[in-house]
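Step one of this worksheet: look at the structure below.
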Amino acid sequence: MVLNPYFQQGATTEQNLVQDLINEQLKMYGVEVYYIPRTYITSKTVIKEVIESKFENAIPLEAYVDTYDGYEGQGVLMSKFGVQGLHDLGLIISKDRFENYITPLIKNIPNIKLATRPKEGDLIWFPLGDRLFEIKFVEHEKPFYQLQKNYVYELRCELFRYEDEVVDTGIDTVDDNVQEYGYIETLQLIGSASTATASIIGVHDGGVRSIYISDRGHNYSNVPRVAISSAPSSGVTAVGFATMISFIVDCNGEKTSKVQTVDLANPGSGYTVAPSIAFHGGGGVGAAATSGIADGVIGIVSITAGGSGYATIPTISIENNPTGINTAVAIAYLNTVGIVTQIGIRDAGVGYTVAPSVTISSPNMGNVGDYIFNETVVGSSSSTTARVKSWDATTNQLEVSIANGTFTDGEIITGSESGATHQYRKVVVEFAKDGFAENTSIENAADSIIDFSQSNPFGMP
Amino acid sequence: MFEYFYHEIMRRTIIGFGSLFNNIKIEHTNETDTTVSTLKVPLAYGPTQKFLARLEQQPDLNKSVQISLPRMSFEMTGLNYDPSRKSTTTQTFLSPVKADKKKIAKTYLPVPYNLDFELSVFTKLNDDMLQVVEQILPYFQPAYTMTVDLVSTIGEKRDIPIILTSITTSDDYEGDFSTRRALVYTIRFTAKTYFFGPVQTDTTKDIIKKVTVGYVAGGRTPAPDREMSYSVVPRATRAYGDTPVTTLAEDVDATETIITVADASGITKDTYIYVDTEEIYVESIQNNDLTVRRGEDGSTAAIHVLGTGVKNITAADNELIEFGDNFGFDGF
């Protein structure tokens with residue numbers, strides 16, 4: 001014993017008294033913050049980093065703000081990467097309160113790494129200012145061993161740098177701090193939908209039954225015009241239109257646009273020999289086709305109602321066909337907002353005496369419910385998941401983030417908590433809510449001045 | 001200095017440069033290599049008005065996080081004259097005016113300049129940074145050439161090589177815990193662009209519509225008599241918007257040389273007719289049968305269907321030939 005035994009060097013009772021006084025002071029003069037521990041989901045070795053983190057628990061705790069005359073740090077700065085808030089915050093929390101209150105609550109959470117002390121990387125939600133701070137250093141020896149013990153932790157915090165971490169504590173005032181940050185896409189979903197209807201006007205003899213492509217041609221930059229031989233004077237000349245295909249690779253290894261099909265807008269009538277088909281314009285060469293004529297072909301398919309809410313091309317059924325005839329086949333064409341705008345006859349049939357009826361398949365009618373903030377949504381066919389940032393029931397636009405892939409056209413997106421289901425049509429805005437990103441503006445401006453006549457090797461966003 | 005002109009050359013080069021990097025993605029995978037998150041990297045031109053940045057990026061004052069990462073920013077850092085690409089200062093070139101091809105524009109050869117660019121990448125994780133950089137570097141060997149429409153009035157497209165000159169990596173992870181880790185890579189590029197002077201669209205020069213060549217026999221005399229003179233004027237090889245004079249009365253394949261039309265009365269022999277996009281020379285006419293030469297003046301002999309309109313190519317069409325059009329000659 002080298003110290004004077006007649007003096008007490010920090011009795012446990014004295015230490016406890018000091019700790020109690022500190023706890024009481026913090027409860028009186030502190031601020032109620034939330035302590036949000038990080039769960040480590042995926043870490044990389046070698047270049048050691050935590051790739052995937054989640055913040056799913058928030059525990060209220062009293063903390064004393066070290067500098068009450070404002071945040072420390074450099075404040076709001078303009079940089080080449082946009083506006084940054086370089087605010088720092090010093091908070092003092094009770095060691096005893098952490099160990100006896102927070103630790104028991106978080107120690108059994110999987111992937112928590114360490115529960116015995118506040119740890120760097122965890123978040124603090126600071127209510128004055130509604131901000132998320134990340135603990136960058138925990139000072140545990142200040143003040144220095146009063147009565148041979150330390151009673152507080154000093155947390156040196158900086159504003160959180162957000163990427164794609166999941167913040168889902170269940171406390172809205174905490175979770176909404178990252179509602180407008182990160183890479184957010186706006187998806188156009190389908191709200192109400194209605195079925196398109198159409199009718200067939202008449203049947204004709206000597207009409208074009210079908211047009212058969214004998215050579216797709218190549219190098220078309222626009223859809224070529226389809227010319228069909230005139231019908232004799234008593235008849236009606238058929239009208240056709242081509243559609244293109246661009247993913248077939250030529251023998252030279254290049255992909256160019258080619259003619260995919262020719263559908264009939266009007267099969268015509270009165271032909272006695274099959275008309276010739278020629279392709280003109282479109283910038284390409286080589287497309288060729290032949291035609292076949294028949295008696296009893298269907299007439300024009302007239303759209304009586306275009307419907308709405310189609311995410312994928314509906315099927316067209318031609319019904320009330322007499323037995324023993326070759327039935328007609330037709331294909332629907334959609335515009336960009338999901339309305340049937342044209343019906344092309346691929347095969348006008350043979351042997352009709354009366355016009356059959358047409359039924360167009362219905363769009364998905366099960367578009368119901370409202371998505372809720374921070375729930376995960378999943379696509380029915382791609383199994384892509386994402387987190388909801390917001391949902392606008394008027395425009396049927398869903399903002400999502402942290403998607404693990406891309407949604408496919410026409411799949412149903414289901415909310416995990418809300419149970420809302422809507423059909424997906426397309427991405428309408430990338431970088432929604434991001435005041436910094438100019439990607440789309442740059443791409444739009446570049447479209448008119450950059451000549452990527454082959455293709456943009458960097459992709460077109 | 002002398003007149004107002006502005007081709008937005010630098011703006012176009014900046015947009016062109018930026019468009020190369022606006023679709024870079026990052027994926028995060030878990031231990032089983034399943035993708036858990038994909039995000040596109042925001043890109044913006046760095047320099048901007050401070051008030052605008054504050055309004056757009058911090059509209060409600062309380063920015064609840066410091067910044068969202070990753071981010072990329074680029075800016076033009078300088079421009080230097082490039083003597084290695086110097087061209088003759090007095091030489092001009094003529095080109096059609098894009099909006100009105102009957103007009104000719106005269107422009108002096110451009111001045112070559114190198115624009116220096118800096119692309120900065122700021123990420124939260126090293127893993128993100130490596131993904132971004134690896135998506136950029138393979139395309140620059142060390143140059144990537146981009147075709148930019150630098151002068152829109154004349155549609156002057158130039159190949160602009162963008163050369164990657166250097167990369168600076170910065171990862172401030174050392175030091176006390178009060179300083180932040182900043183993971184920033186800076187990639188420097190040089191874009192070899194051109195500055196064009198004013199485009200003179202009111203030039204008096206016109207398309208040459210007649211060429212005459214005179215041959216002189218004998219020595220040099222003060223006033224030689226031309227022995228022979230050849231003169232040619234351009235002849236239209238297509239009908240510029242004429243209405244059809246008749247229609248085809250049969251389907252015509254690509255090799256047929258006797259074509260039947262519905263009514264040959266509006267067609268004269270030894271003239272050209274125009275069907276779809278094919279120029280056809282009429283050698284003789286018998287009733288409604290035309291004996292023809294197909295695919296004249298480089299047009300392609302194609303299939304034409306019954307009922308297709310037949311147009312005459314007339315002298316009026318010769319006047320409508322535009323700059324850049326193909327044309328034939330009327331003969332000697």
For A:LEU77, B:LEU290, order by how many other beta-carbon atoms lie within 10 Å, fewest first: A:LEU77, B:LEU290
Quick check for me: using +1 on Lys/Arg Cβ and -1 on Asp/Glu Cβ, what's the dipole size of the stretch B:244-332 about its Cα centre, in debye to the nearest 20? 180
Given a cut-off of under 8 Å on Cα pairs at least six residues apart, what relative contact order in percent is computed for chain A? 14
The helix A:12-29 Cα axis meets the longest alpha-carbon principal axis of chain A at an angle in degrees, between 0 and 90 and rounded to 10, of 50
Over 18 Å, how big is the tail of the calculated P(r) for the stretch B:266-316, in percent of all Cα pairs? 24
Quick calc, the protein assembly as shown, dipole around Cα centre from Cβ unit charges on Lys, Arg (+) and Asp, Glu (-), nearest 20 debye, gives 1360
Over the alpha carbons of chain A, what is the largest minus smallest coordinate on each principal axis, giving the biggest first in Å? 127, 46, 37
For the stretch A:318-418, alpha-carbon Rg relative to the globular expectation (2.2 N^0.38 Å, N residues): 1.58
For A:223-231, mean number of other protein chain Cβ atoms within 10 Å: 4
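Based on DSSP H runs of at least 4 residues, each adding -39500 (n - 2.57), what is the mean residue ellipticity at 222 nm of chain B after dividing by all its residues, to the nearest 500 deg cm²/dmol? All intermediate terms of the calculation are to be shown ahead of the outcome.
Working: 4 runs with 34 residues, N = 332.
Mean residue ellipticity, 222 nm, calculated: -3000 deg cm²/dmol.
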For A:LEU132, B:LEU55, A:LEU334, which order do you get if you count the other beta carbons within 10 Å of each Cβ and list the fewest first? B:LEU55, A:LEU334, A:LEU132
How many angstrom separate the Cα center of the stretch B:141-160 from the Cα center of the stretch B:1-48? 18
Nitroxide proxy distance, nm - points 7 Å out along Cα→Cβ at A:ILE248 and B:GLU27: 3.1
Defining a contact as two alpha carbons under 8 Å apart and six or more residues distant in sequence, what relative contact order in percent does chain B show? 14
Summing Lys, Arg as +1 and Asp, Glu as -1, what charge do residues with Cβ under 11 Å from the Cβ of A:LEU86 carry, A:LEU86 excluded? 0
Rounded to two decimals, the Debye log10 I(q)/I(0) of chain B (Cα scatterers, no solvent) at q = 0.08 Å⁻¹ is -0.70
Starting from the Cα-Cα distance between A:TYR212 and A:THR395, subtract it from 0.36 nm times their residue separation and give me the gain in nm to one decimal. 61.6 nm
All alpha-carbon distances of the protein assembly as shown, grouped into 20 Å bins from 0, give the whole-percent distribution 12, 30, 30, 18, 7, 2, 0
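Determine, from the Cβ-Cβ distance of A:GLN9 and A:LEU77 and an R0 of 45 Å, the FRET efficiency 1/(1 + (r/R0)^6), rounded to the nearest 0.05. Before the final figure, lay out each step's value.
On the way: r = 48 Å, r/R0 = 1.07.
After rounding to 0.05, the efficiency reads 0.40.
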Going 7 Å from the Cα of A:SER416 in the Cα-to-Cβ direction, what parts of the stretch A:151-169 have a backbone nitrogen less than 11 Å from that spot? A:168
In this structure, the FRET efficiency calculated for B:LEU130 and A:SER199 from their beta-carbon separation, with R0 = 56 Å, to the nearest 0.05, is 0.40
For A:ASN321, put the label point 7 Å out on the Cα→Cβ axis and report which residues of the stretch A:356-399 keep their amide N under 19 Å from it. A:356-362
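When only Cα pairs under 8 Å and 6 or more residues apart are kept, what is the percent relative contact order across the stretch A:325-412?
Details: 120 pairs, mean separation 16.2, N = 88.
Once divided by the residue count of the stretch A:325-412, the mean separation gives 18 percent.
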Between A:SER302 and A:LYS54, what length comes free when the chain is fully extended (0.36 nm per residue of separation minus the Cα-Cα distance, one decimal in nm)? 83.7 nm
Partners for B:LYS210 among lysines (Cα-Cα distance below 18 Å; same-chain residues under 8 apart left out): B:LYS102, B:LYS103
Quick one: check the C-alpha center-to-center distance for the stretch A:257-317 versus the stretch B:287-312, whole angstrom. 26
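Taking 24 Å as the cut-off for C-alpha to C-alpha distance, list the pairs among B:LYS106/B:LYS157; A:LYS426/B:LYS40; B:LYS25/B:LYS157 that go past it. Don't skip to the answer; put the middle values down first.
Working: B:LYS106/B:LYS157 15 Å; A:LYS426/B:LYS40 17 Å; B:LYS25/B:LYS157 30 Å.
Cα-Cα > 24 Å for B:LYS25/B:LYS157; rest within.
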Extending each Cα 7 Å along its Cβ direction at B:THR268 and A:PHE137, get the distance between those two points in nm, one decimal. 9.7
Whole-number Å³ per residue for the convex hull built on Cα positions in the stretch A:225-278: 76
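Using the beta-carbon distance between A:SER234 and A:VAL429 and R0 = 56 Å, what value does 1/(1 + (r/R0)^6) give for FRET efficiency, to the nearest 0.05?
Details: r = 56 Å, r/R0 = 0.99.
Calculated transfer efficiency: 0.50.
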Neighbours of B:THR277 by Cβ distance under 15 Å: Lys/Arg at +1, Asp/Glu at -1, summed charge -4
Whole-angstrom gap from the stretch A:102-177 to the stretch B:165-216, using each part's C-alpha centre: 48
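Give me a single rounded figure for B:23-31: the average over its residues of other chain Cβ atoms within 10 Å of their Cβ. Walk me through the numbers on the way to the answer.
On the way: counts 9, 4, 3, 3, 2, 9, 5, 6, 6.
Other-chain Cβ atoms within 10 Å of each residue's Cβ, averaged: 5.
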Added length on full extension, which subtracts the Cα-Cα distance from 0.36 nm per residue, A:SER361 to A:SER381: 5.2 nm
What does the charge count around A:GLU62 come to, taking other residues whose C-beta lies under 15 Å from its C-beta (Lys +1, Arg +1, Asp -1, Glu -1)? -4
Over the stretch A:260-303, one equal point on each Cα, no solvent: what is log10 I(q)/I(0) by the Debye formula at q = 0.17 Å⁻¹? -0.62
What angle do you read, to the nearest 10 degrees and between 0 and 90, between the alpha-carbon axis of helix B:126-136 and the longest principal axis of chain B? 20
From fewest to most C-beta neighbours within 10 Å, the residues B:MET72, A:MET78 line up as A:MET78, B:MET72
Let me know the charge dipole size of the stretch A:1-82 about its Cα centre in debye, to the nearest 20, where only the beta-carbon of Lys, Arg (+1) and Asp, Glu (-1) is charged. 520
Between B:ASP289 and A:TYR29, what is the spin-label point distance in nm, taking each point 7 Å from the Cα along the Cα→C-beta axis? 11.6
Using only the Cα atoms of the stretch A:285-350, each taken as one equal point scatterer with no solvent, compute I(q) by the Debye sum, divide by I(0), and report log10 of the ratio at q = 0.15 Å⁻¹. -0.60
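Every number here is computed from the coordinates shown, using simple stated rules; none is lab data. Treat the numbers as computed from the prediction; the structure is a model and nothing was measured. No Cβ is skipped: glycine too gets one built from the backbone with ideal geometry, and neighbour counts run over all protein chains shown.
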